[in-house]
Amino acid sequence: LRDQGATGVLWYVGAFAVLAGLALLPTYAQALLGGYVFGFEVGLLAALAGFCGGSIIAYEIARRLHTDHITAKIDAKPRWKAVRDALIGPPDGTRSWWRTFGMVTLIRFPPNSPFAFTNFVLASAKVPRSAFLLGTLVGMTPRTALVVFVGSGLPKLDGEHSLLKDAPTWAIVAAIATSLGVAKANMPA
């Protein structure tokens, strides 16, 4: 991708958008790849473009799958209705666009916010496209920047370099211990 110049960036953005929009590949992995291949500046812009493209693809699919049946289900559950009303306001349309944008931004901000599920929920709640897209862009920028930054700092794995050969011993031991600790914590009792 790097050797293809602007065409490589376009291929990356397109693949990111489709794979994220259809929930086929983790978005963190795609953002990490962007940083690794293109560096921080280009990688960040390309990853954010991929996120925006993917969110629009998912939004349009979810809006087309949304039926009156889903609206009735939301209206039947007070908590779900409260979430929808917080996002887009009551049916009388008194909620401001800026408040909806702010809610979408806050939902997208946490690093553990699931991208595909959030797309579906926001589209099903009938969040306006513009508030959805801009809130997604603003809310996801900090976490995307962090992942792209990490990706841009990864050593190039070209035979002369490897993660294990170049890493200090303490980092390898800490990574193994952390992995074992996480695995043990997630094992059923």
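Looking at this structure, is L146 in a helix (DSSP H, G or I), modelled with pLDDT of 75 or more and open to solvent by 70 Å² or more (accessible area, probe 1.4 Å)? Taking the combined requirement at face value, the residue satisfies it.
Does at least one position in region 46-64 carry a residue that is over 18 Å from F115 (Cα atoms) and out of contact with any helix residue (DSSP H, G or I) (no Cβ under 6 Å at 6 or more places or on another chain)? Yes, the conditions are met somewhere in region 46-64. Counted as qualifying within region 1-84 are the helices (runs of 4 or more DSSP H) with 2 or more residues that are open to solvent by less than 40 Å² (accessible area, probe 1.4 Å), aliphatic (A, V, I, L, M) and touching a Phe, Trp or Tyr at 6+ places or on another chain (Cβ under 9 Å), namely 6-21, 27-38, 40-65.
The residues of region 57-90 that are under 10 Å from K126 (Cβ atoms) and of a type in the set (D, E, K, R), listed by number, are R63, R84. Note on region 16-59: residues that are hydrophobic (A, V, I, L, M, F, W, C) and free of Cβ contacts under 8 Å to residues at least 12 places away in the same chain amount to 4.
If only residues of region 114-143 that are touching a residue at least 12 places away in the same chain (Cβ under 8 Å) and of a type in the set (S, T, Y) are counted, the one that is most open to solvent (accessible area, probe 1.4 Å) is S130.
The values are calculated or read from the model by the stated rules, or taken from the named source; none is laboratory data. Please read all numbers here as calculations on a predicted model, not as lab measurements. Note that we place each Cβ from the backbone using ideal geometry, even for glycine, and neighbour counts take in every protein chain shown. All accessible areas refer to the heavy atoms of the entire protein, side chains included, with ligands and DNA or RNA removed. Shrake-Rupley method; radii C 1.70, N 1.55, O 1.52, S 1.80 Å.
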